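Here's the structure, in C-alpha cells; my notes come after.
Where a number appears in this text, it was derived from the coordinates with a stated rule and is not lab data. None of the values given here were measured: they were computed from a predicted structure. Note that we place each Cβ from the backbone using ideal geometry, even for glycine, and neighbour counts take in every protein chain shown.
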C-alpha cells in the first residue's frame with residue numbers, strides 16, 4: 001500500500017511541475033520552494049518535459065533575484081532538462097543540494113557532467129540517456145564524482161560490492177533488485193540515498209563499512225529477509241521508514257553516535273524482539289516501532305518525547321522503562337499488552353490524552369518512592385489503577401529471576417537469587433503478605449488476580465516480579 005502511495009505522489013509531483021513555472025530569469029525557469037526556511041528555488045522546465053527549453057551552454061547561478069527577493073538555487077527538479085537534446089554543457093553551482101529524477105534524461109549531447117560536493121541527494125536516473133550515460137557499457141556500475149548511480153541496465157545480482165572511494169549511493173540506485181542477497185559497502189561511504197535498496201526481498205546481509213553517517217528514507221523498506229546488522233560509530237541519522245517491514249531483524253544494538261531515528265523507521269519489523277537504543281537520542285519518533293515484535297523496551301536517559309504511535313500494536317511488549325527526562329507522550333504511543341511500566345520521574349510526563357496508553361486494566365505502573373499520589377491525581381490515574389511505589393529503583397536483572405509456577409494456585413518458588421525477604425502486593429498496591437528467609441510464598445489464601453512480589457536479596461538489592469494467582 002505504501003509503495004503505491006509513493007508512486008502516486010511522484011506522479012502527482014510530475015503533473016504539478018508540468019503546469020507552469022514561477023518565474024524566468026536569463027532563460028532559466030525557476031520554481032519557488034515553499035517548504036524551505038529561507039528563500040530558495042529549484043530549476044525546472046519551461047512548461048512540460050520534452051519541449052527542449054534549454055540548449056547550448058547553461059550556467060546555473062548560485063542566487064537569482066526576482067521581484068525584489070534574492071533566492072538561493074538549491075535544487076534541479078524532476079525532468080528539469082529532460083529531452084533537451086541540444087544542451088551541450090551544464091554548470092552547476094556549489095549551492096546545489098539535490099538533483100531530481102530524470103533531471104537530464106534524453107540530453108543526448110551532454111557528455112561532460114560534474115556533481116558538486118555540496119549535493120546530498122541525486123536520483124539514480126537523473127542522467128539516463130545523456131551523452132555521458134550512452135558512452136557507458138551496458139551492465140556496468142555507474143560512478144560519477146564519488147556517487148554510485150547503480151547499473152546501466154538492471155543486473156540479476158546476488159552479491160553486490162560497491163567500489164572503495166565511493167562516498168554516496170544515489171536515490172533508488174538498487175530499487176527492486178529481487179535477486180540481491182548480500183551487499184558490501186565501502187569504508188569510504190558516508191550516505192545511502194532514499195529508497196536505495198528498497199524492496200529487495202532476498203537481501204539478507206549488509207556490511208555498512210566504517211564511515212556511514214546517514215541512511216536515507218526508505219533505504220531498506222520492504223527488505224523482508226534482512227538479518228541483524230551492525231552500524232559503525234560514525235552513524236548519526238536513520239531516515240524515516242528506513243528499515244520498515246524488515247521482518248528478518250531480531251536484535252538491534254544501535255551505536256550511541258546516532259542522534260536521530262526517523263518516523264516509522266522500524267515499523268512492521270514483526271520479529272524485532274531486542275533493541276538497544278542510542279544514548280544520544282532525544283526523541284522516540286512517531287510510529288518508530290509500530291507493529292514491531294519487541295518484548296521489552298528501555299528508553300534511554302535524555303529522551304524528552306515519545307511520539308504518537310511509537311509502540312502501536314506491539315503485541316509482545318510486556319515491559320517498558322521510561323526515564324525521568326521524558327516530558328511528553330503522544331497519542332496511542334503504547335498500545336500493547338504490557339504488564340509493567342516503570343516511570344523513573346517523580347513528575348508525571350504530559351500525556352496526549354487517556355489514549356497515550358492502551359494497556360490491560362491490571363497493568364502495573366511503578367513510580368518513584370513518594371510519587372504515587374502525584375501520578376494517581378494526574379492523567380496517569382485515569383489509565384492506571386494499579387500504581388506501586390518503588391523505593392529501590394529499577395532493577396534490570398529482574399528478568400534473570402525465575403518464579404514458578406506462574407500462574408499459581410498456592411505456593412510459588414523463587415530461583416536465581418539469595419532471598420532475604422519477599423513482600424506481596426495486590427493490584428491496588430496494598431501489602432498483603434510478607435515472608436522472610438525463604439524462597440517460597442503461599443498464595444492460597446489470596447483472591448484470584450495479579451500480584452507484585454518485591455524481593456529483597458541478601459545484599460539488600462530489591463527486585464520486582466509479577467505473578468498471577470489462579
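A few remarks follow.
- Spatial offset of the range 268-322 relative to the range 336-386 amounts to 17 Å, using the alpha carbon center of each.
- Counting all C-alpha pairs of the range 398-469, share separated by more than 17 Å (%): 33 percent
- Think of it as helices only: each DSSP H run of n ≥ 4 in the chain is worth -39500 (n - 2.57), and spread over all residues that comes to -1500 deg cm²/dmol at 222 nm.
- (1) 45, 26, 21; (2) 56, 24, 17; (3) 56, 29, 17, with the label sought being that of the calculated semi-axes √(5λ) of the Cα gyration tensor in Å: (2)
- Using a Förster distance of 30 Å, the FRET efficiency for residue 85-residue 178 (Cβ separation, nearest 0.05): 0.35
- Spin-label model distance (nm) - residue 236 vs residue 55, 7 Å beyond Cα toward Cβ: 4.6 nm
- Modelled label positions at residue 459 and residue 324, each set 7 Å beyond Cα in the direction of Cβ, lie 2.3 nm from each other.
- Our estimate of slack between residue 413 and residue 225, defined as 0.36 nm per intervening residue step minus the Cα-Cα distance, is 63.6 nm.
- Kirkwood-based Rg to Rh ratio, the range 247-376, C-alpha trace: 0.94
- Exposure proxy order (Cβ contacts within 10 Å, fewest to most) of 463, 114: 114, 463
- Ordered by the number of other Cβ atoms lying within 10 Å of each residue's own Cβ, fewest first, 45, 413, 332 fall into the sequence 413, 332, 45.
- Between helix 2-17 and the chain: long-axis angle, C-alpha atoms, 0 to 90°, nearest 10: 40 degrees
- Counting neighbouring Cβ atoms within 10 Å and putting the fewest first, the residues 175, 221, 35 line up as 35, 175, 221.
- Spin-label pair residue 213-residue 70: with each label point 7 Å from Cα along the Cα-Cβ axis, the two points sit 2.7 nm from one another.
- Considering only the chain, percent of DSSP beta bridges that pair antiparallel, nearest 5: 40 percent
- Remark: the range 45-100 is approximated by an ellipsoid whose semi-axes, taken from the C-alpha gyration tensor as √(5λ), come to 20, 13, 11 Å, largest first.
- Counted residue by residue at 0.36 nm each, then reduced by the alpha carbon distance between them, the extension gain from residue 448 to residue 382 reaches 21.4 nm.
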